[in-house]
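**Q** Okay, here's the structure, questions in a sec.
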Amino acid sequence: MRLSLAGGFVLILSGFKLRSQLFDLWRNWKNYLPFLAYAILGIFSVQYFFYLCVEYSNATTATILQFISPIFILIYNRIIYKKKASKKAIFYVLTAMLGVFLMATKGDFSKLSITPLALVTGLLSALGVMFNVILPQPFAQKYGFVPTVGWGMMLAGLFSNILYPVYRISFQLDWASILICLIIAFLGTAFAFFLSMKAVSLVSPLVVSVVSASEPLSSAILSVLFLGLVLDGYLLLAMILIIIPMIFLSIEESKNKMKESSFNT
C-alpha cells in the first residue's frame with residue numbers, strides 16, 4: 001500500500017507538468033520487461049527482502065547484509081562493463097563497510113543472528129539495492145526521473161499486493177495510522193526514491209549504494225542531535241569510517257568518470 005500511495009502521488013504531481021508525456025514510457029513495448037524487472041528486482045526486492053531478513057534475524061544483521069550491495073555493484077561493473085575497480089575504491093568500500101558494522105553492533109558480535117534464511121534474504125536485499133540504482137538509469141535519462149520513480153513504485157506496489165493484498169491488513173485503521181502511513185509514503189518512500197534516482201545522475205551507482213546503505217549513520221546523527229544519544233567511542237569511530245571513505249570514494253569515482261569522458265572524446 002505504501003509503494004502504491006507513493007507512486008500514485010508522484011505520478012499525479014508529474015502529470016500536471018508532463019500531461020500525455022507521462023505515458024511515453026509505455027508507448028514502446030520494448031520497455032515493458034526491463035521496467036518490470038526494475039520495479040520487482042529493484043524497488044520491491046530491496047524493501048521486501050530487508051524486512052524478511054529482519055524477521056528471520058534482527059535489524060542489525062539485516063543492515064549489515066544489505067550493505068554488501070557495493071560489492072555486488074563492483075562485480076556487476078566488472079562482468080557487464082569490463083570495468084576493473086581501483087584498489088582505492090575497493091579500500092574505501094571495505095572501510096565504510098567496517099564503519100557500518102561497528103555502528104550496527106558496537107563491536108558486540110552477539111547482536112548478529114545469521115541463520116540460513118537470514119543470509120539468503122539479506123543477500124537478496126543487497127542485490128535489490130544494486131538493481132535499484134542500476135536498472136532505472138536508461139529510463140530516467142530518456143523519460144525523466146519523476147515518471148521513472150512513480151511508475152516503478154506503482155508497479156512494485158501492485159506486485160506486493162499480489163503477495164499480500166491490502167484487504168488482509170490486520171490492524172485497525174484510524175486517522176492517526178492513516179496520517180502516519182501517508183507521511184511514510186510521501187517523505188520516507190517517494191521523496192527518498194526520487195533523491196536516490198537523482199543522485200545516480202550526479203555520481204556513480206557505487207557511491208549511491210554506499211551512501212544509501214549507510215542509513216544507520218543518518219539515524220545516529222539525528223539521535224545525537226535530537227534524542228540525546230551519547231556519542232561514545234564506537235559511534236564516533238564508526239562515523240569517521242563511514243563519512244571519510246564516502247567522500248574519497250566520490251572523488252575517486254568522479255576522477256574515473258572524467259578520464260572515461262576524455263578518453264571517449
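The values are calculated or read from the model by the stated rules, or taken from the named source; none is laboratory data. Since the structure is predicted, the reported quantities are computational estimates derived from the model, not experimental observations. Counting neighbours? That spans all protein chains shown, and the Cβs are built from the backbone with ideal geometry, glycine included. Note: areas computed on protein heavy atoms with side chains; ligands, DNA, RNA excluded. Shrake-Rupley method; radii C 1.70, N 1.55, O 1.52, S 1.80 Å.
**Q** Criterion first (more than 19 Å from the chain's Cα centre (by Cα) and part of a helix (DSSP H, G or I)) does I79 satisfy it?
**A** Yes: the conditions hold for I79.
**Q** Can you name the condition, by its number, that I242 falls short on among (1) under 13 Å from M103 (Cα atoms); (2) at pLDDT below 70; (3) not acidic (D, E)?
**A** All conditions are met except number (2).
**Q** Just name the residue that is nearest to L11 (Cα to Cα) out of those in the range 102-156 that are among the charged types (D, E, K, R) and outside any helix (DSSP H, G or I).
**A** Selected residue: K106.
**Q** Scanning the range 27-49 for residues that are free of Cβ contacts under 8 Å to residues at least 24 places away in the same chain and more than 30 Å from A62 (Cα to Cα), which turns out nearest to the chain's Cα centre (by Cα)?
**A** The residue in question is Y32.
**Q** Which is over 17 Å from the mean Cα position of the chain (by Cα), under 23 Å from L22 (Cα atoms) and open to solvent by less than 20 Å² (accessible area, probe 1.4 Å), of P147, P138?
**A** Criteria check complete, one pass: P147.
**Q** Could I ask something else about it? Could you please find all residues in the range 86-97 being without any contact (Cβ under 8 Å) to a residue 24 or more places away in the chain and either more than 23 Å from L236 (Cα to Cα) or not in a helix (DSSP H, G or I) (or both)?
**A** Within the range 86-97, just K87 meets the criteria.
Results for (1) out of contact with any strand residue (DSSP E or B) (no Cβ under 6 Å at 6 or more places or on another chain); (2) basic (K, R); (3) open to solvent by 40 Å² or more (accessible area, probe 1.4 Å); (4) at pLDDT below 80, shown as yes or no for each residue.
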position	(1), (2), (3), (4)
G8	yes, no, no, yes
L11	yes, no, no, no
G15	yes, no, no, yes
N31	yes, no, no, no
L41	yes, no, yes, no
V46	yes, no, no, no
Y51	yes, no, yes, no
T63	yes, no, no, yes
F67	yes, no, no, yes
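**Q** Taking the residues in the range 120-134 that are of a type in the set (A, V, I, L, M, F, W, C) and out of contact with any Leu (no Cβ under 7 Å at 6 or more places or on another chain) as candidates, determine which candidate is surrounded by the most Cβ atoms within 10 Å (Cβ to Cβ).
**A** Restricting to residues being of a type in the set (A, V, I, L, M, F, W, C) and out of contact with any Leu (no Cβ under 7 Å at 6 or more places or on another chain), the top hit is V129.
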